[in-house]
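The values are calculated or read from the model by the stated rules, or taken from the named source; none is laboratory data. Quantities reported herein were computed from a predicted structural model and do not represent experimental measurements. No Cβ is skipped: glycine too gets one built from the backbone with ideal geometry, and neighbour counts run over all protein chains shown.
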Amino acid sequence: MAAKLPALPVPAPRLCRRADNTMRYWLVMPAAGAGKRFGESVAKQYAPLLNRTVIEWALAPFLSDVRCSGAVIALAPDDTEWPRISARLPAVTMAVGGSERCESVRNGLAVLSRRASADDWILVHDAARPCLLAADRDRLLTQAGAHPVGGLLALPAVDTFKRADTQNIVAETVERSGLWRAQTPQMFRYGPLCAALDRAIAARRFPTDEAQALEWTGARPLLIEGSPGNIKITHVEDLLVAQALLGARGAS
């Protein structure tokens, strides 16, 4: 059974702006998963990628952004890899991850309870997405920041989708019109995101992303078209794709 998460005090609302009137946000990164499909002895977020680890690439677009007020990563209690790279990332705060993604995100948000206000924007990004473009990050901040709920990067479906039965026999072809493939970052206000996750966890419902938790409350997040290159490392072969993408951009 998942541990009961502490209730957060609700801070007084204030504008999510810096003194110079630029947007500010906080980053929360769930990184407690074992990544069983990756098939290696090291978790995929710690796999080497162009002289860094995957998680360092995933953090980079935010740690280099002056609008990011702080970053929290939620780690497995038995994580032994993070201490090896933490000295290179002194600006990152740690939280204890949960058995489900939503619990890790919620624990990360709890760490911010005395620093973030209810109206502050939270960006949640996968630790295994090392190829986020700054242009996609900025488009998310601009478009989701102007939306009352927030939003997420996503890609319109281009493949043909089949629904299978329990024997992996095609049951039907799914109409792809209107279907999108969700990515991260996903961007929502601190207060509503905390409340949505608390409500889901209390009901023993575990959303697969933050947008779904908001959807279950009746909110309708904005879909913002991202880039195909914003891949999630799932299999070892994905590292070769990420290496090619970062190399083509001249990343170092």
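Remarks
- None of P207, P221 is closer than 23 Å to R163 by Cα, in contact with a helix residue (DSSP H, G or I) (Cβ under 7 Å, 6 or more places away or on another chain) and touching a residue at least 40 places away in the same chain (Cβ under 8 Å) except P207.
- Screening the candidates L8, L50 for the property of being over 18 Å from the mean Cα position of the chain (by Cα) and either within 30 Å of G250 (Cβ to Cβ) or modelled with pLDDT of 95 or more (or both) yields one hit, L50.
- Test: L214 is outside any loop (DSSP other than H, G, I, E, B), in contact with a strand residue (DSSP E or B) (Cβ under 9 Å, 6 or more places away or on another chain) and over 20 Å from W121 (Cβ atoms): no
- Of all residues in the range 221-252, those that are modelled with pLDDT of 95 or more and assigned to a loop (DSSP other than H, G, I, E, B) total 9.
- Some residue of the range 185-203 being surrounded by fewer than 18 Cβ atoms within 10 Å (Cβ to Cβ) and in contact with a Pro (Cβ under 8 Å, 6 or more places away or on another chain): no
- When residues of the range 131-184 are limited to those that are part of a loop (DSSP other than H, G, I, E, B) and buried (at least 17 other Cβ atoms within 10 Å of the Cβ), the one nearest to the chain's Cα centre (by Cα): L132
- Selection count where residues are crowded, with 18+ Cβ neighbours inside 10 Å and under 14 Å from the mean Cα position of the chain (by Cα), scope the range 57-71: 6
- Of the residues making up the range 103-117, not a single one is surrounded by fewer than 19 Cβ atoms within 10 Å (Cβ to Cβ), under 15 Å from P185 (Cβ atoms) and modelled with pLDDT of 90 or more.
- Residue that is touching a Ser or Thr at 6+ places or on another chain (Cβ under 8 Å) and farther than 21 Å from C68 by Cβ, where the choices are T173, T217: T173
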